[in-house]
Each structure stands twice: as structure tokens, then as C-alpha cells.
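**Student:** Input: one structure, supplied below.
Every number here is computed from the coordinates shown, using simple stated rules; none is lab data. Everything numeric in this text was worked out from a predicted model, so none of it was measured. Reconstructed Cβ throughout: ideal geometry from the backbone, glycine too, with neighbour counts over all protein chains shown.
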Amino acid sequence: MEPLNYEKRGYLNEDFRLFHLADSNTSEIGYHYHNFHKIILLLAGKASYAIEGERYKLTPGDYVLVSRGSIHRPEVEPGAFYERMILYISPEFLARLRTDDCNLERCFHRAQSDFHYVYHAGADNPIKPLFLQLEQAWNGEEFGAEILRQSLFMHLMVEVNRATEGQRYIRPTAGDSKIVSLLQYLNLHLTEALSIDELSSRFYISKYYMMRRFKEETGYTIHNYITEKRLLLAQQQIQQGASLTEACYQSGYQDYSTFSRAYKKRFGHVPSGQRLTK
């Protein structure tokens, strides 16, 4: 993980998990990602959030949608107090809940495709109250407690999706516009051939300046970012049932042996899943 300057953090062995944290920040958290989705709701205090090259100054009532694989980190001044609720969500669980007319994972897909990550739960918005109700029901042992938790979770996810469809998103307060545009382009064209020279030409910027600014703004190199995103995409496709060769080529690799070596280096084991297709 060290050369990439970011890592996978947190683990989720349940369908969803709720945390309520209130503390003063004492250490800096580096860029990282999760294999699950995450929603952070700021309840009190001051905090900023960096996600995919953009930075947001949060105010109480703001919530952040962090999709699986999105590179992010909180940015809080040393000693500053902030209170937040964090909901970890299994993508596989959302997939099981999906119906013909309702995909609860849509808000996370929208966040990644439209680059709209932060929204505000105002006074008339039910999202904050639903977080609080879910917390109250979290440790309940009364009759129907598990059904109540799941129903509150689904209600919450319906409201989050409705809010994102309403486009009531909050714009970033900081971020190098050239680098943000570059990040968005990379995410939209991961499966295509990408080279430093081509990117430099497309964005009308010196390649050396571009590489330096990318590292300064994000904490990692363009090459490492592309590699990480492609491998995470391949891993997701394998988990969803794609063959190894399908995952290889559909994540932007042109050679299976190169893909297999990169996958093993990143995840510690060779790709596994369905057999290779010819």
C-alpha cells in the first residue's frame, strides 16, 4: 500500500453498519477507499472532506456519499471537535433489495458518474431524523427489532435517492479545476488507452506540471490512480460474475498476464472466480 499513499480502510461483514462518533481529531487520516458504500452525516462541529480531487467544507446537516472505490479522506484541523454518523452499506445487500422500479444503489452510481458527492439535509429533509431513528433502533431487542432496522434503513435509502435525483447537491469549495477535470475524465474513460502524453495534450498542460500538480492535489501519481481504479473495477466485475478475461479487458487491460500480475501485487492473490474464457 505504501507506494500508492492510500489504502483500503474499514471492514464490513454485515448488510449495513451504523456508527455515531464525536471526538476531537488528533491525527491525519490519509487517502483511502472502501469495498463498500458509505454515507457520512455531519451533526456538529467543523470538518472538510476531500473526495476524488474535490474538497468540501461541511456544515452540520451536510452528508457525503462515498461510493465503493472512491478515494477520499476527512480533513479536520488538529484538535477540532466534530460529531458525525457514518453508515457502511454492502453493495451486495443493495443489489439483493433491487426491484424492477427501484435500485437503492442508484445514488452512489450517480455520485460517481455526475461527481456530486455532498448534499444538505435541511429542516424539512427526513434524512437526519431517519439516521437518528435508525440509531435508536440499532441495539433494540424488542419484537421485530431486525425488521424495524431494515425498514428504517430502506426508508433512509429511498430518501437519499430522492434527494440526489432532485440535484440538491453542494458544490466543492476547493480543488484545482484542471486536476478535477482530469480526474473526472479518467473515471469516465478507465477502460480506454490512457497515456501521460495524450492527457497532457487533451488538457493543454505540460505533462511534468500535470504530474506534479496531480500528486500535490491527490497524494498519488496518475499511473497509480489509473491502476488502482482499474483493479477495483475488475475486482467488482469478478464479484458480480464476470469471467477473468472479461474482467481483464473490461477494466482497461490489453494483456491478461499483465492484469494478473498487477492484481496479485495489489490484492495479494491472483484473480479468482469464474474460469477463463477464450
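**Student:** Which residue, Gln237, Gln136, Gln254, has the most motion in a Gaussian network model of the chain that connects Cα atoms within less than 10 Å?
**Tutor:** Gln136
**Student:** Write out the GluC sites (Glu not before Pro) in the range 180-278 meeting two conditions: DSSP loop, and at most 11 other Cβ atoms within 10 Å of their Cβ.
**Tutor:** Passing both the DSSP loop test and the Cβ count: Glu192.
**Student:** Here is a follow-up. Let me make sure I get this right: for the range 144-184, a, b and c are the square roots of the gyration tensor eigenvalues over alpha carbons, sorted descending. Under 1.5 in a/c it's rounded, otherwise prolate if a/b > b/c, else oblate. Which is it?
**Tutor:** Since a/c reaches 1.5 and a/b is larger than b/c, the shape of the range 144-184 is classed as prolate.
**Student:** Is the C-alpha gyration tensor of the chain telling us rounded, prolate or oblate? Criteria: a/c under 1.5 is rounded; beyond that, a/b larger than b/c is prolate, otherwise oblate.
**Tutor:** It comes out oblate by the Cα gyration axes.
**Student:** What is the Cα coordinate range of the range 177-267 on the first, second and third principal axes, sorted by size from largest, in whole angstrom?
**Tutor:** 39, 22, 21
**Student:** With no solvent and one equal point scatterer per Cα, compute the Debye intensity ratio I(q)/I(0) for the range 17-59 at 0.18, 0.26 Å⁻¹ and report its log10, rounded to two decimals.
**Tutor:** Results for the range 17-59 at q = 0.18, 0.26 Å⁻¹ read -0.69, -1.45.
**Student:** Checking the a/c ratio against 1.5 first, then a/b against b/c, what shape does the Cα gyration tensor give for the range 72-201?
**Tutor:** Prolate, since a/c reaches 1.5 and a/b exceeds b/c.
**Student:** Hey, what did the range 177-267 get for relative contact order, percent, Cα under 8 Å, at least 6 apart?
**Tutor:** Taking the mean separation of contacting Cα pairs over the length of the range 177-267, I get 27 percent.
**Student:** Assuming a strict under-20 Å limit between Cα atoms, what lysine pair count do you get for the range 177-267 once near-sequence pairs (fewer than 8 apart, same chain) are dropped?
**Tutor:** Close lysine pairs found across the range 177-267: 7.
**Student:** Something else now. Below 8 Å between Cα atoms, with a sequence gap of 6+, how large is the relative contact order for the chain in percent?
**Tutor:** Answer for the chain is 17 percent.
**Student:** A follow-up question, please. Hey, what number do you get for the chain at 222 nm if only DSSP H runs of n ≥ 4 count, each worth -39500 (n - 2.57), divided across all residues, to the nearest 500?
**Tutor:** Rounded to the nearest 500, it is -13000 deg cm²/dmol.
**Student:** Relative to the present Cα-Cα distance, how much length would full extension add between His155 and Gln250 at 0.36 nm per residue of separation?
**Tutor:** 30.8 nm
**Student:** Report the net charge of residues surrounding Gln150, where surrounding means a beta-carbon distance below 14 angstrom and charges are Lys +1, Arg +1, Asp -1, Glu -1.
**Tutor:** So the environment of Gln150 carries a net charge of 0.
**Student:** Starting from the Cα-Cα distance between Leu97 and Ser195, subtract it from 0.36 nm times their residue separation and give me the gain in nm to one decimal.
**Tutor:** 31.3 nm
**Student:** For the range 188-197, in order, what is each residue's ³J(HN,Hα) by Karplus, 6.51 cos²θ - 1.76 cosθ + 1.60 with θ = phi - 60°, in whole Hz (x at glycine and Pro)?
**Tutor:** 8, 10, 4, 7, 9, 5, 10, 10, 4, 4
**Student:** Kindly provide the GluC sites (Glu not before Pro) of the range 8-117 that DSSP labels as loop, not H, G, I, E or B, and whose Cβ sees at most 16 other Cβ atoms within 10 Å.
**Tutor:** Passing both the DSSP loop test and the Cβ count: Glu14, Glu28.
**Student:** Still on this structure, I have one more. What is the Cα centroid distance between the range 187-228 and the range 54-91, reported in whole angstrom?
**Tutor:** One Cα centre to the other: 25 Å.
**Student:** Looking at the range 194-259, which chymotrypsin sites (Phe, Trp or Tyr not before Pro) are in a loop (DSSP not H, G, I, E or B) and have at most 16 other Cβ atoms within 10 Å?
**Tutor:** Answer by residue number: Phe203, Tyr204.
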